[in-house]
Each structure stands twice: as structure tokens, then as C-alpha cells.
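Below you'll find the structure, written out as C-alpha cells, and then a few comments.
The values are calculated or read from the model by the stated rules, or taken from the named source; none is laboratory data. This is a predicted model, so every value here is computed, not measured. FYI the Cβ positions are ideal-geometry reconstructions off the backbone, even for glycines, and counts take in every protein chain you see.
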């Protein structure tokens with residue numbers, strides 16, 4: 001049974017969002033929420049509750065600690081009998097390799113922006129195209145789950161900004177150029193996809209855009 005809604009939530013502000021230097025003290029997966037991130041997660045729980053009210057939810061959670069913590073704060077507002085959850089490694093953050101200095105991440109971002117966000121592979125890490133592939137594989141699991149009897153009313157995916165953009169790209173068949181113009185959702189922003197009577201989902205949340213810095217642009221040209 002397809003859920004009424006598929007809801008994507010980016011984790012709250014993390015230590016890494018506050019200061020890049022923490023990436024040289026901890027591995028990416030171990031970064032926790034900042035104080036502001038905790039506040040954002042609590043606010044997101046109230047917003048989510050207003051959307052789904054007392055309906056049932058199945059949560060898919062990236063195993064990174066900042067996404068776990070976001071889920072923990074959100075789950076406090078819901079009846080445990082109404083929610084189910086599972087950790088899903090395929091929706092983890094894009095892998096950034098092994099950063100060795102505070103400036104290295106900035107240099108990689110500059111190179112990625114110039115080359116093209118989707119195709120640029122981070123040294124010792126992943127390209128957005130790599131993340132797209134594992135998100136695509138996750139969608140297969142998601143569709144099989146939807147076929148289960150008494151699947152919950154709502155699907156909630158707590159993940160990362162890049163993963164949200166790539167999930168939407170895969171689901172709605174966006175082009176690479178469509179993907180690159182969309183900006184990452186803000187921390188704890190809730191993105192709602194709602195099911196119509198025909199079984200198709202509509203993106204109900206307006207997404208911010210940004211200027212694409214790569215000069216290499218070639219949309220399809222059919223005459």
C-alpha cells in the first residue's frame with residue numbers, strides 16, 4: 001500500500017555546519033547536532049506532527065550520528081505504537097574522502113563547482129552520481145516495502161541535503177541540469193511529496209535554487 005506521503009527531512013545543524021575544523025578531529029559519520037541543531041529537530045517534530053497528525057509513520061534513517069540524533073528528537077513527539085524505523089546506510093552522506101587540512105574541503109568544493117556537481121568525484125570519496133546509484137538501489141527496497149500489507153500511512157526519510165536532491169532527481173526523472181540548479185534544503189527543512197488518487201506523487205514543497213558555477217552546460221536540444 002503506497003503511503004499518503006513521502007516526507008524527506010535533512011538533519012539539523014551539525015558540528016560540521018558550524019566549523020569545518022571538526023572534520024579533522026572526528027570522522028564525518030560521528031558528527032553530532034549543534035545546540036541549534038537540537039532546537040531545529042524539535043521544531044521539525046512539531047511541524048511533522050502537524051502534517052501527519054495521528055497517522056502511522058515508517059522512518060528510514062541515515063546511520064550518521066547527526067541523522068540519528070535528529071530522529072531521536074523527532075520521535076519523542078510520537079506514540080511509539082504509531083512509528084516504525086530502520087537505519088538505511090544507502091541514504092548516508094556523500095563520502096568526502098580523508099580531509100587533511102581545514103582548507104582542503106573548500107578547495108574540493110571549488111573544483112567540484114567548476115567541473116560539475118553531479119559528475120565530480122571527490123578524491124578518495126564519491127561523486128553525486130555515485131550517491132545517485134545507491135539512492136536508486138534504495139528505491140527498489142522502498143517500492144517493495146510499499147507492497148507490504150498494512151504499510152504505514154507515511155514514509156519519512158531522515159537524511160542529508162545531497163541525498164534529498166538525488167532522491168528527488170531519481171523519483172521525478174530530473175535531468176542532471178535540473179538537479180544541479182536545485183540547492184540543498186536547509187537544516188531540518190521538511191520536503192513533502194503527496195500522493196494523488198492516480199497513485200502518483202506531487203512535490204508540494206517549493207525548493208530553493210542557486211546559480212550553477214560550472215560553465216559546462218548542455219541541455220537537450222530537440223528540433
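Scanning the range 181-223 for residues that are touching a helix residue (DSSP H, G or I) at 6+ places or on another chain (Cβ under 9 Å), modelled with pLDDT of 95 or more and not in a strand (DSSP E or B) turns up 183, 184, 185, 186, 187, 188, 189, 207. Candidates are the residues of the range 180-193 that are touching a residue at least 60 places away in the same chain (Cβ under 8 Å) and under 16 Å from residue 169 (Cα atoms); the one that is surrounded by the most Cβ atoms within 10 Å (Cβ to Cβ) is 180.
Residues in the range 10-19 that are more than 18 Å from residue 164 (Cβ to Cβ) and either without any contact (Cβ under 8 Å) to a residue 12 or more places away in the chain or assigned to a strand (DSSP E or B) (or both): 19 alone.
Is it fair to say residue 29 is at pLDDT below 95 and either touching a strand residue (DSSP E or B) at 6+ places or on another chain (Cβ under 6 Å) or part of a helix (DSSP H, G or I) (or both)? Criteria not met by residue 29.
When residues in the range 53-62 are screened for being outside any strand (DSSP E or B) and surrounded by 20 or more Cβ atoms within 10 Å (Cβ to Cβ), 1 of them pass.
Every test in (1) outside any loop (DSSP other than H, G, I, E, B); (2) in contact with a helix residue (DSSP H, G or I) (Cβ under 6 Å, 6 or more places away or on another chain); (3) within 30 Å of residue 153 (Cα to Cα) is passed by residue 22 save one, and that test is (3).
The set of residues in the range 147-179 that are surrounded by 14 or more Cβ atoms within 10 Å (Cβ to Cβ), without any contact (Cβ under 8 Å) to a residue 24 or more places away in the chain and in a loop (DSSP other than H, G, I, E, B) contains only 174. If you go through the range 94-112 and keep only what is loosely packed, with under 15 Cβ neighbours inside 10 Å and touching a residue at least 60 places away in the same chain (Cβ under 8 Å), you end up with 100, 101, 102, 106. Restricted to the range 63-72, and to residues there that are in contact (Cβ under 8 Å) with a residue 40 or more places away in the chain and assigned to a helix (DSSP H, G or I), the residue that is nearest to residue 160 (Cα to Cα) is 67.
I need the full set of residues from the range 75-106 which are assigned to a helix (DSSP H, G or I) and either within 16 Å of the chain's Cα centre (by Cα) or over 21 Å from residue 14 (Cα atoms) (or both), in order please. The answer is 80, 81, 82, 89, 90, 91.
When residue 65 is tested against (1) modelled with pLDDT of 95 or more; (2) surrounded by fewer than 21 Cβ atoms within 10 Å (Cβ to Cβ); (3) within 30 Å of residue 197 (Cβ to Cβ), only condition (3) is not met. The requirement of being surrounded by 13 or more Cβ atoms within 10 Å (Cβ to Cβ) and in a loop (DSSP other than H, G, I, E, B) is fulfilled nowhere in the range 38-51; no residue meets it.
With respect to the conditions (1) touching a helix residue (DSSP H, G or I) at 6+ places or on another chain (Cβ under 8 Å); (2) touching a residue at least 24 places away in the same chain (Cβ under 8 Å); (3) buried (at least 16 other Cβ atoms within 10 Å of the Cβ), residue 142 falls short on a single one, namely (1). Which of the residues that make up the range 121-135 are surrounded by fewer than 18 Cβ atoms within 10 Å (Cβ to Cβ) and under 18 Å from residue 177 (Cα atoms)? Once the filter is applied, which keeps residues that are surrounded by fewer than 18 Cβ atoms within 10 Å (Cβ to Cβ) and under 18 Å from residue 177 (Cα atoms), the range 121-135 yields 121, 129, 130, 133.
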